[in-house]
Structures are given as structure tokens and as C-alpha cells.
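Undergrad: Just passing along the structure, written as C-alpha cells.
The values are calculated or read from the model by the stated rules, or taken from the named source; none is laboratory data. No experiment lies behind these values; they were computed from the predicted model shown. Neighbour counts are summed over all protein chains in view; Cβ atoms, including those assigned to glycine, are modelled from backbone coordinates with ideal geometry. Just the protein is used for accessible areas: all its heavy atoms, side chains included, with ligands, DNA and RNA removed. Shrake-Rupley method; radii C 1.70, N 1.55, O 1.52, S 1.80 Å.
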Number of protein chains: 2
Amino acid sequence: MSLLVVGSVAFDALETPFGKVDRTLGGAASYFALAASYFTPVRVVAIVGDDFTDKQRAIFKGRKIDLTGLEQVPGKSFFWAGRYSQNMNERTTLATELNVFADFRPALPEPYRDSSFIFLGNIDPTLQSSVLTQVRRKPQLVGLDTMNYWIDRTPTELQETLKHTQILMINDDETRQLTGEHNLLRAAKHVFKMGPRTLVIKRGEHGALMVHHKFMFSVPAFPLEEVRDPTGAGDAFAGGFMGYLAAVRRVNEQSLRAAMVYGSVLGSFTVERFGVERLAKLKRSEITARAKLFSKLTSFKL
Amino acid sequence: MSLLVVGSVAFDALETPFGKVDRTLGGAASYFALAASYFTPVRVVAIVGDDFTDKQRAIFKGRKIDLTGLEQVPGKSFFWAGRYSQNMNERTTLATELNVFADFRPALPEPYRDSSFIFLGNIDPTLQSSVLTQVRRKPQLVGLDTMNYWIDRTPTELQETLKHTQILMINDDETRQLTGEHNLLRAAKHVFKMGPRTLVIKRGEHGALMVHHKFMFSVPAFPLEEVRDPTGAGDAFAGGFMGYLAAVRRVNEQSLRAAMVYGSVLGSFTVERFGVERLAKLKRSEITARAKLFSKLTSFKL
């Protein structure tokens, strides 16, 4: 089943203790799409400038990602520059240039309008909603990411979009900010009243927690000896998660648990190299092997 | 199999957003012993002053804990006072009065000298070593806890004690400080060179990670709607962990994984009430039930 993602496709300048890259392919939708592409066909709705060339396009094409919905306009693409501290636990944003992204109005190409699995990346909630109004039927599954900026500035619009969302995927701080509740289980109950039936809390190096009104599921981050660049890990997690669900076409407790593991698998590969380098060139066998390592990492007999 | 613990038995004054208690039973060895007592007979080596009365003694006796090794001397018991922030993620120490603990010289009563499962609580490494020299045979398992104070001030003595330790149980910061290595897997390799074959990294609300030279195991903290008092959770974790191993008398991959779960179970109960209140009055059936909930929380099918 095709999976539609709307979000940012960008250029990133990244600096970590392991090195530095200038103007590499970045953006949440890029990480998401590449990760999801190992499970299901992916359709991208995003905007880029004329600095987006065949070189970047080839990265998506290498994973057979549908770029019909990638609008290209005169001007520069979204650009983000960041630097990580020695221990990677702090990140300083050096530059955020919205460029053509400032005028992004997602428009779904006709063939995308039958999409039934949709991920609304972290953009203005009004634009997220506009994607949902363009699909022909009520989707089977809508996942959503957001951030402090939208929680602060556009709470009403965000609440409206959340009414049509089944799975909210955010981090601990965002969960607390959105609900005004520090305890994550109590926060989840607030979220359930807003619309989503499922809250996935992404916790970076501490893994992820899913709270559904009928069950909870916790998955650790995969312990790695070398984390070279944490950028995009959360977006790749979301891509692996949604990609798996779209592939099995079933959203139930068992598939949601497995989706959490595949999300973590894709997140763990992402951080092993800079930018999308590792994510763009995985083998399905590597994904399967690492998913089995998650079983070993977490299984026990009482 | 009896389990010997050496460490602090104290009075704590605790303040959290859920309430306040003055002079309640505290100390790492108290939490450890109570938690372990649900699995195996426990022997305590510690020191208290004449303010330690039948009231506190009854809490241990209620769990059939052997206090032959609890030395009582004139003066006051170790006293600690602490206050937790609104979200419980920060703790301010308001008072630390060593009192009779300052002159603690652990002396094993004759019947304790056959102990084969030993936990060296967080005290001066020289005193930790002195316990090992008093047992008759090489123990089957020695677990050890320590903290930044000893890592800083008595590194040579700590290294000597670690040579005789199989399992080191500390938190992330202590792991990083001890090894000078931020990455926890690389840090574990340093620890293996110091003596222990197994490193258990306690991560509070983020659970615990075990790194053994042949496998890794990760367990989440149990998500709770109300955490009333985080004091002693790590010590109760250690008690549940070591207690389980002493009960099954086998230290292998399977038992170590289960021990991590039982440690987490005991830690999770501890924080539900103030001080040792919950820990002192558990039912074995509650422990079994929560351990099964850990299976539900972490299990998946790919």
C-alpha cells in the first residue's frame, strides 16, 4: 500500500565530532521517505528550489520513491545548519533558512489522491490539514509529527488536525508541552481526547514508548559503539514505523509493536553515517538482521 | 542461597511534590535488603546509632532479614535529607550527616563468613574489599555499586575492589566518569578490563542496560502514572537483581536477563510510595504479576 508523506526536503550542513558536511540532502521527509521505502512504495509531497538537482533526485530514485508531488520552484531550497556537541547530547542550530519552503502549499497530484496511509511531517498544522482535505476517502491511517513551535503558535489549528490523526509521534518534551502534563501516561490520556488513539513518544538514545489506550510497548534504542550523526533518526524512525504498517496494511496491536521495532531499526542505521548516507543504501537483509538483534536485546524468560 | 549486603542503613527526610516525611527508614542497604528478601534470605552488614529502635528493626524482621551483622553503637545513625523538584527530575540534597557511619568498619559475624552471593553497596572501596577478605571462600558472585565520590577520591582502591567484582551496577554518569568514555558500549569494554564481566547501567526512568562481553540486554522502566518518591529505586533494583540470582543460584545469560526484569519490578514498586513503605509490604503475587507486565510491555513478533 502506497504511503504518502508531506514535509521538508532540504539541504543540511552538519558538524559532529566525527566530521563535517556541507549541503547534503536533508529534511524530515527525505529521511522518512528513504526509511519507509524499504517496506512500501512512497509518495513525497514537498517543495524544493532550483538548487535541487539530479544528484539529490537520484538518491530518491535509487529507492524508487515517487517524486511526482515534489514541487520545484525558482529560488533556494530549505537550508539547515547544525552542530553537535562533543557527546552529541546537545545540538546548536547555526542557520535555518526557509527559502522556498516559506511559501509551501502542499498540492497532491491526482494519482496521490487515493492514498490511504499518510504521514503529516512537522509543518504548519493548517498545511497538514490541507493534505487530508485533498484525499478522496478517509485514510486508513494518519500519522503526525509536530514540534514546540506549532504547539505554541498554532494550538487551535493543531487541535483541528489532531482530530483527524490516529497516531501522534513526538518526543517527551513535545508531549509534555502539548498536554501540560509531565507524566507521560497521564499525558497520553490527554492526547487520546484530542483524537489520536496512539501516542508514540520518541526518546532518542532512550528508545521509544508507545501508549495505546489498551496497551503499552517500549523499545530501546539500539546500543551502538559509534554514533556519527544523530540527524534524522526520529524521522527515519517514523518512516520505518509507517512504512511497515503500510506494507502489512493492518493496524493492530501486533503490527504496531513490530512497527516500533522497525522504526528503531531504521533510526539506528541512520545515525551510523552522516546525513542519509547509510539510509539510502541499506539492504533488506541488514534490516531483517538488526530487527532480530532487537529481539535478542529485549527478550527474557521469567 | 543467602545474600549478604554491606552498605548504609539510615534515616531519611524526604520531600517530593506528593508529600514530606521526616526520619523514615532509608539507606541503600535497607532498600536493597527489603527488595532482595522476596527472593532469598538476606544478611545485612551495616552500622546504626542508638536512635535505631525496634520500630525500624520490625521493618526488617517483617521480611525475615538477618540483622546479626547490624552493629549498633552510641550516637546517631546516618541521616540524609533531600528534596525533589516538581517533575522529580532533579534532587537537592539538604543534609548529609554521616554520624556513626563515619567510623563504620564492616565486621562479618561468624555465620556470615560462608556467604557466596555478596553485594558491596556504595561505601569506601577499602571497606568493600575488607568484606571480601572476611569470607572463607571465593564467592560465587560479587556485585558492586559505587559513586562519583569514590571514583574521584579513591580510584586506586576502587580498581583493587573491582578486580574481585563480577557485576558492576552504576548509572550512566558514573560509567562515563569511571571509564573516561562517553559511549556506553566502549565504556563497558574498559570496565571488562578492570575485572567485572558484566556492567549493569541503571538509567532511572529510562530503565537499565546490561552489557556482558557476549550479549546485551535492555529493560525499560515500568511506566507509572504516579511516581511519589524516587528515593531508593536504584538500590531496590540492585536488591531484586541480586536476590533473584542468589535464589536461582545460577549466573548465566538467562538468569541475568530475568534478574534485570526482577530488579526493574522492585524498583518500580519502590517509587509508588514514600521511602520503603511499598517495598516493605509487597506480596509475591504482585511481583509475579508485574514481571508478566514487563513481558507485555516489551514483547513483539516480527
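Undergrad: Yes or no: B:V251 of a type in the set (V, I, T), open to solvent by 40 Å² or more (accessible area, probe 1.4 Å) and more than 10 Å from chain A (Cβ to nearest Cβ)?
TA: yes
Undergrad: Kindly provide the set of residues from region B:211-240 that are under 22 Å from B:H190 (Cβ atoms) and either more than 12 Å from chain A (Cβ to nearest Cβ) or open to solvent by 30 Å² or more (accessible area, probe 1.4 Å) (or both), ordered by number.
TA: Within region B:211-240, B:H212, B:H213, B:K214, B:M216, B:G234, B:A238 qualify.
Undergrad: Looking at region B:278-299, can you tell me whether even one residue there is open to solvent by 10 Å² or more (accessible area, probe 1.4 Å), facing chain A (nearest Cβ under 9 Å) and either within 18 Å of B:S30 (Cβ to Cβ) or in a loop (DSSP other than H, G, I, E, B) (or both)?
TA: yes
Undergrad: Checking the structure you have, find out if any residue of region A:167-175 is free of Cβ contacts under 8 Å to residues at least 60 places away in the same chain and surrounded by fewer than 16 Cβ atoms within 10 Å (Cβ to Cβ).
TA: yes
Undergrad: Shifting gears a bit: Can you tell which of B:A95, B:A102, B:A107 is part of a helix (DSSP H, G or I), out of contact with any His (no Cβ under 8 Å at 6 or more places or on another chain), under 22 Å from B:G49 (Cα atoms) and not polar (S, T, N, Q)?
TA: B:A102
Undergrad: OK, next. Being among the hydroxyl-bearing types (S, T, Y) and assigned to a strand (DSSP E or B) is the filter; apply it to region B:10-34 and report the residue that is least open to solvent (accessible area, probe 1.4 Å).
TA: Of all residues in region B:10-34, those among the hydroxyl-bearing types (S, T, Y) come to B:16, B:24, B:30-31.
Add one more test, that the residue is assigned to a strand (DSSP E or B), and what stays is B:16, B:24.
Numbers: B:T16: 12, B:T24: 36 Å².
In this case the residue turns out to be B:T16.
Undergrad: Right, here's the next one. Could you check region B:196-205 and list, in sequence order, the residues that are open to solvent by 10 Å² or more (accessible area, probe 1.4 Å), over 14 Å from the mean Cα position of the chain (by Cα) and at pLDDT 95 or above?
TA: At the first step, the residues of region B:196-205 found to be open to solvent by 10 Å² or more (accessible area, probe 1.4 Å) are B:197, B:202-205.
Those still in the list that are over 14 Å from the mean Cα position of the chain (by Cα) too: B:197, B:205.
Result: B:R197, single match.
Undergrad: Something else now. Condition check: of a type in the set (G, A, S), open to solvent by less than 10 Å² (accessible area, probe 1.4 Å) and closer than 24 Å to A:F52 by Cβ. Does A:G121 satisfy that?
TA: Yes, satisfied.
Undergrad: Quick check on A:R203: is it at the interface with another protein chain (Cβ under 9 Å from one of its Cβ atoms), among the charged types (D, E, K, R), under 21 Å from A:L178 (Cα atoms) and out of contact with any Ser or Thr (no Cβ under 7 Å at 6 or more places or on another chain)?
TA: Spelling it out, A:R203 is indeed at the interface with another protein chain (Cβ under 9 Å from one of its Cβ atoms), among the charged types (D, E, K, R), under 21 Å from A:L178 (Cα atoms) and out of contact with any Ser or Thr (no Cβ under 7 Å at 6 or more places or on another chain).
Undergrad: From the list B:S255, B:S299, which residue is at pLDDT 95 or above and over 21 Å from B:M1 (Cα atoms)?
TA: Being at pLDDT 95 or above and over 21 Å from B:M1 (Cα atoms) holds for just one of B:S255, B:S299, which is B:S299.
Undergrad: Under the condition of being hydrophobic (A, V, I, L, M, F, W, C), surrounded by fewer than 16 Cβ atoms within 10 Å (Cβ to Cβ) and without any contact (Cβ under 8 Å) to a residue 60 or more places away in the chain, which residue from region B:58-103 is farthest from B:A29 (Cα to Cα)?
TA: B:V73
Undergrad: Okay, next question. Name the residues in region A:225-248 that are more than 27 Å from A:F18 (Cβ to Cβ) and without any contact (Cβ under 8 Å) to a residue 40 or more places away in the chain, would you?
TA: A:V248
Undergrad: Does B:G243 fit the bill of being open to solvent by less than 10 Å² (accessible area, probe 1.4 Å) and within 14 Å of chain A (Cβ to nearest Cβ)?
TA: Numbers: open to solvent by less than 10 Å² (accessible area, probe 1.4 Å): yes; within 14 Å of chain A (Cβ to nearest Cβ): no.
Here the answer is no, as B:G243 does not meet what is asked.
Undergrad: So the check is Cβ under 7 Å with 6+ separation or different chains; which pairs have a first residue in region A:255-272 that's buried (at least 22 other Cβ atoms within 10 Å of the Cβ) and a second one that's of a type in the set (D, E)?
TA: Short answer, once both residue conditions are applied: A:V271/A:D229.
Undergrad: What's the number of the only condition in (1) of a type outside the set (S, T, N, Q); (2) surrounded by fewer than 21 Cβ atoms within 10 Å (Cβ to Cβ); (3) at pLDDT 95 or above that A:A188 fails to meet?
TA: (2)
Undergrad: If you don't mind, there's one more thing I want to ask. Are there any strands (runs of 3 or more DSSP E) wholly within region B:153-258 with 1 or more residues that are touching a Lys or Arg at 6+ places or on another chain (Cβ under 9 Å) and hydrophobic (A, V, I, L, M, F, W, C), and if so which? Give the derivation first.
TA: Working: elements: B:167-171, B:198-202, B:208-212, B:216-219.
Of the strands (runs of 3 or more DSSP E) lying wholly inside region B:153-258, those with at least 1 residues that are touching a Lys or Arg at 6+ places or on another chain (Cβ under 9 Å) and hydrophobic (A, V, I, L, M, F, W, C) span B:167-171, B:208-212, B:216-219.
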